[in-house]
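Structure first, commentary second.
The values are calculated or read from the model by the stated rules, or taken from the named source; none is laboratory data. Predicted model, so just to flag it, every value in this text is computed and none were measured. Note that we place each Cβ from the backbone using ideal geometry, even for glycine, and neighbour counts take in every protein chain shown. Accessible surface is based on the protein model in full, side chains and every heavy atom, while ligands, DNA and RNA are left aside. Shrake-Rupley method; radii C 1.70, N 1.55, O 1.52, S 1.80 Å.
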Amino acid sequence: MPIHLAIINPKSPENMGSILRAAGCYQAQSIRYTGERYARAKAFQTDTKNVHLDIKVSHVDEIICKTTDKNLTKVAVELVEGAIPLPNFIHPENCLYIFGPEDGSIEQGIVDQCEHVVYIPTIGCMNLAATVNVLLYDRLAKTTQMPVDDEVIKKSRDNNNRTKTK
């Protein structure tokens, strides 16, 4: 189930570092971003797991490419009236999730190109990286491929964590 992330003009290197980590944890195939703010900020080295070595991360001029994205279902993740609440959303197989900037919204023209618009029902708006994490976790939780054994724990936990249940 290919997952691709599109981030519109990300501002914070910390958010992008967290998004990169989430992309690695939830096995996204690529991340694309628009704007120049992150390009200037990525020198801060917030990709603590070096996910950029395993996942294609690219700067693009247009968040949706009409030729390469034609087989992907476009899903805007935004607080938009009429959007589908995430708990009720059925994630498509081949998907491009589009997230707006930390200090703005996804433009109407981009929303209009999306097959779905979803939102995470909260009181107030969430941080960009938190939104990406919640959405990707929801996708995993709703699949039959979710790992449920101790092997995933052993592979995922910090090197210093050897705690066990009774």
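Listed by chain and number, the aspartates and glutamates whose alpha-carbon sits under 19 Å from that of LYS66, ignoring those within fewer than 8 places in the same chain, are GLU93, GLU107, ASP112, GLU115.
Rounded if a/c is under 1.5, else prolate if a/b is larger than b/c, else oblate: which is the stretch 66-137, with a ≥ b ≥ c the root eigenvalues of its Cα gyration tensor? Taking the square roots of the gyration eigenvalues as a ≥ b ≥ c, the stretch 66-137 is prolate. Computed extension length for THR143-GLN108: 9.6 nm, one decimal, from 0.36 nm per residue of separation with the Cα-Cα distance subtracted. Taking Lys and Arg as +1 and Asp and Glu as -1, the other residues whose beta-carbon sits under 10 Å from that of PHE89 total +1.
Residues MET126, MET16 ordered from highest to lowest accessible area at a 1.4 Å probe: MET126, MET16.
Electrostatic bookkeeping for ASN127 treats Lys and Arg as +1 and Asp and Glu as -1; over the other residues with beta carbon under 12 Å from its beta carbon, the sum is -2.
With a cap of 10 neighbouring Cβ atoms within 10 Å, and only residues DSSP puts in a loop, list the GluC sites (Glu not before Pro) found in the stretch 60-115. Hits after loop and neighbour filter: GLU81, GLU93. For LYS164, the aspartates and glutamates whose Cα comes closer than 18 Å to its Cα, not counting residues fewer than 8 places off in the same chain, are ASP149, ASP150, GLU151.
Estimated at the nearest 10 Å², the accessible area of TYR26 is 50 Å² with a 1.4 Å probe.
The H on the amide N of GLN113, modeled in the peptide plane, is under 5 Å from the matching H of no residue at least 5 residues off or on a different chain.
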